[in-house]
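Below: the structure, in structure tokens.
The values are calculated or read from the model by the stated rules, or taken from the named source; none is laboratory data. In this text the structure is predicted, and so the values were computed from the model without any measurement. Cβ: placed from backbone, ideal geometry, glycine included. Neighbour counts: every protein chain shown. Remember, those area values only see protein heavy atoms, side chains included, never the ligands or the DNA or RNA. Shrake-Rupley method; radii C 1.70, N 1.55, O 1.52, S 1.80 Å.
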Amino acid sequence: MSEYLPISEEIRALGRQAEREIMPCFSRIEEICDRNTEKVLAAFTKNRVSDNLFAGTTGYGYDDHGRDTLDRIYADIFGTEAALVRIGFVNGTHALSCAMFSAVKTGDTVLSVTGPAYDTLQNTITGDYCGSMKHYGIGYKQVDLKDGAPDLPAIAAAVRDQAVKLVFIQRSRGYAVRKTLSCEEIGEICRTVRAAGSEAAIMVDNCYGEFVEETEPTQVGADLIAGSLIKNPGGGLAPTGGYIAGRSDLVENASYKLTAPGIGGEGGCTIGQNRLLYQGLFMAPHITAQALKTAIFCAKVMELMGYEVSPKAEETRYDIIQTIAFGAPEPLRRFCEGIQAGAPVDSFVTPEPWAMPGYDDPVIMAAGAFVQGASIELSADAPMREPYVCYLQGGLTYASGKAGILLAAERISNAKS
């Protein structure tokens, strides 16, 4: 392929070595993909999916049979009473924000048990914005992780506060240097909360984690999950949107925050997007597996180049995110330039740090995607702050993801020489 992409034989040899070493990791990913594909297919079959569901609606969107059936399919897949799948969610933060408000009111307290929430979601909780939880007089407490794991005794003590009505768990690492939680660990948190006598709703930020394991947080005790359709569950086809799934009363309350009290999920047209949401969900287990393979390949290549990565290439994974600690801004920038150069869209663009809305530090982002900002497509981003850790995710195909990683490695190698 040397005539197609500017990758040296040295870097190609490094890629071949990496691939030989990681090949045994792929079989488990394929097993999980097979199981999750069966789960999705069973939900489609149960709900009698037909092409008449793809038509969509306009205006108010009342009686959108395709939209409402997709809600039931998501509920079946995640093992919940109800779900709300809407293109009206502008991103994952929007879906998470609506979900959080479903369980609390003025005077209540949100307890985050995995340390601070992701940067953009923190604005919903403690931000000085009209409409934030702080603005409405909703309190906030947090229990930090202990040695990278949930501090179960501290969680048990914290939830005994009767004001705590929502326990919040962030599954993925966000822009933090910590491990992603497994569903087993999330289940332990849920059991700890209930054993302490708390009836607070337990909610999980499920972004980047869907279909990575055979189970989901709502199958181990969580009352509510939420995420983005331009991440795992959209399968690279959903053009926008988000989802919430869980207890029916909480999902209904969240729908009132999305639209308006009394309207909720009854309104919201789909303007011809249903087919992409259905097809994307059907593809999601496979696309997630491609992203996982890409992440593992990235981890091994960067390890061989001498960088610290998390997770290690051979470690079990609970989300699609791969981190690389560069320790300095220049190799981080070079890596992002290479990922951008390997994108099918805007490959000619040079990513530069900028003041991205919702973040405290300038953020550099490589994302040449068919859907703007879709992090199920190969992308890399990082806040420009020490220790200059880059967060890579996505890859619609392993082959294209591998090419992007090799281009990034080439850029770094050229800068060193």
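Assorted remarks:
- Those residues of the stretch 139-188 which are of a type in the set (A, V, I, L, M, F, W, C), assigned to a loop (DSSP other than H, G, I, E, B), out of contact with any Lys or Arg (no Cβ under 7 Å at 6 or more places or on another chain) and open to solvent by less than 50 Å² (accessible area, probe 1.4 Å), in sequence order: Val143, Val159, Ala163, Ala176
- Among residues of the stretch 28-47 that are open to solvent by less than 100 Å² (accessible area, probe 1.4 Å), those with a beta-carbon under 7 Å from a residue that is part of a loop (DSSP other than H, G, I, E, B) at least six positions away or on a different chain give the pairs Ile32/Glu213; Ile32/Glu214; Asn36/Phe211; Asn36/Glu214.
- Taken together, Val49, Val85, Val104, Val90 contain a single residue that is of a type in the set (Val, Ile, Thr), assigned to a strand (DSSP E or B) and under 30 Å from Tyr318 (Cβ atoms), which is Val85.
- Within the stretch 322-337, residues that are within 20 Å of Gly401 (Cβ to Cβ) sit with their Cβ atoms under 6 Å from residues that are part of a helix (DSSP H, G or I) and at pLDDT below 95, at 6+ positions apart or across chains, in these pairs: Arg334/Ala415.
- Residue, nearest to the chain's Cα centre (by Cα), within the stretch 208-236, restricted to residues that are under 10 Å from Ile376 (Cα atoms) and open to solvent by 10 Å² or more (accessible area, probe 1.4 Å): Tyr208
- Any chance Thr192 is within 19 Å of Ala222 (Cα to Cα) and part of a loop (DSSP other than H, G, I, E, B): no
- Residue-level analysis places Ala374 outside the set of residues that are touching a Cys at 6+ places or on another chain (Cβ under 9 Å) and surrounded by 22 or more Cβ atoms within 10 Å (Cβ to Cβ).
- Among the candidates Ile296, Ile287, Ile271, Ile263, the residue that is in contact with a Cys (Cβ under 6 Å, 6 or more places away or on another chain) and of a type in the set (A, V, I, L, M, F, W, C) is uniquely Ile296.
- Any hit, the stretch 182-203, residues being within 12 Å of the chain's Cα centre (by Cα), farther than 19 Å from Val40 by Cβ and modelled with pLDDT of 95 or more: no
- Criterion: within 17 Å of Thr288 (Cβ to Cβ) and of a type in the set (Ser, Thr, Tyr) - qualifying residue of Tyr398, Tyr388: Tyr398
- In this structure, Arg72 does not satisfy being in contact with a strand residue (DSSP E or B) (Cβ under 9 Å, 6 or more places away or on another chain), under 30 Å from Tyr140 (Cα atoms) and of a type in the set (Lys, Arg).
- Across the stretch 108-158, the number of residues qualifying as under 19 Å from Leu96 (Cα atoms) and small (Gly, Ala, Ser) comes to 8.
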